[in-house]
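A short worksheet on the structure shown next.
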Amino acid sequence: MRALTRMRHTLAALGNAKRHRSDLGGWLIRRPQLLVATGVYESMLLLSNRLDPRLKDLAELKAAGMVNCEFCLDIGSALARSGGLTEQQIVDLPRYRTSAAYTDVEKSVLAFAEAMSATPAVDLDDLRADLLRHLSKAQLTELATAVAWENQRARLNQGLGVRPTGISEGAACAMPERRDDESPRYSSR
């Protein structure tokens, strides 16, 4: 049932796209096997239902913010709202550690997503141990897979120039997160 609800929410969100609807599909259709593989992986994540979907939404949105994928933040914010996250939870992502909008488990999930989205991803042992006090190994596997896949999606979207579609226009939307250790942007010169 969760998977069907999530599919409905995803289709509704995509239906609300105001612009750039074909950016990603326009690229992936050039390599049909990659389009199919992406669809299969997305479907398997939707059908994997051990982890509370709100935790998955938080983790994916945090990862998208860490990687600065505006398309991912646009659609992810819409899906998070439809999945039950509050506007406060969405806008407080950069300062989750001090925000009262999250439970301790949610803060642990966000810390894990943040650590997995850093390059290199290190120092996960304590975070993993903390999460295993609240989640089963199957749930943690699902969480780690969702964060890793969000990183892949975000980097693919950025590499192909996939732009935000306006799905979250007029509503609370997570913002890209600037890190102090960010490397300078590459130049084509």
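Identification of helices (runs of 4 or more DSSP H) wholly contained in segment 83-154 with 3 or more residues that are closer than 14 Å to Glu60 by Cβ, of a type outside the set (Val, Ile, Thr) and out of contact with any Asp or Glu (no Cβ under 6 Å at 6 or more places or on another chain) yields 104-117.
Return the residue satisfying two criteria in turn: it lies in segment 25-38 and is part of a helix (DSSP H, G or I) and at pLDDT 90 or above, and of such residues it is surrounded by the most Cβ atoms within 10 Å (Cβ to Cβ). Can you show your working first?
Within segment 25-38, the subset part of a helix (DSSP H, G or I) is 25-28, 32-38.
If we keep only those that are at pLDDT 90 or above too, we end up with 32-38.
Values: Pro32: 9, Gln33: 8, Leu34: 13, Leu35: 15, Val36: 11, Ala37: 12, Thr38: 17.
Going through the qualifying residues, I end up with Thr38.
The residue that is farthest from Glu70 (Cα to Cα), among those in segment 7-24 that are assigned to a loop (DSSP other than H, G, I, E, B) and of a type in the set (Gly, Ala, Ser), is Ser22. Here is a check on your reading of the model: is Phe71 modelled with pLDDT of 95 or more, of a type in the set (Phe, Trp, Tyr) and part of a helix (DSSP H, G or I)? No. When restricted to residues that are within 19 Å of Glu114 (Cα to Cα), of a type in the set (S, T, N, Q) and in contact with a helix residue (DSSP H, G or I) (Cβ under 9 Å, 6 or more places away or on another chain), segment 82-100 contains 2.
Taking the conditions (1) closer than 16 Å to Ser168 by Cβ; (2) without any contact (Cβ under 8 Å) to a residue 12 or more places away in the chain; (3) not polar (S, T, N, Q) in turn, Gly25 satisfies each one other than (1).
Checking each residue in segment 146-171 for being out of contact with any Leu (no Cβ under 7 Å at 6 or more places or on another chain) and β-branched (Val, Ile, Thr) picks out Val147, Thr165, Ile167.
A Cβ distance below 8 Å, combined with a sequence gap of six or more or placement on separate chains, defines the contacts here; from segment 32-55, residues that are closer than 20 Å to Leu143 by Cβ and in contact (Cβ under 8 Å) with a residue 24 or more places away in the chain reach residues that are of a type in the set (S, T, N, Q) and not in a helix (DSSP H, G or I) in the pairs Arg50/Ser136.
Against the conditions (1) of a type outside the set (Phe, Trp, Tyr); (2) crowded, with 16+ Cβ neighbours inside 10 Å; (3) more than 16 Å from the chain's Cα centre (by Cα), Leu46 satisfies every one except (3).
The values are calculated or read from the model by the stated rules, or taken from the named source; none is laboratory data. Since the model is a prediction, treat every value here as computed from it, not as a measurement. In this analysis, Cβ positions are derived from the backbone assuming ideal geometry, glycine residues included, and neighbour counts consider all displayed protein chains.
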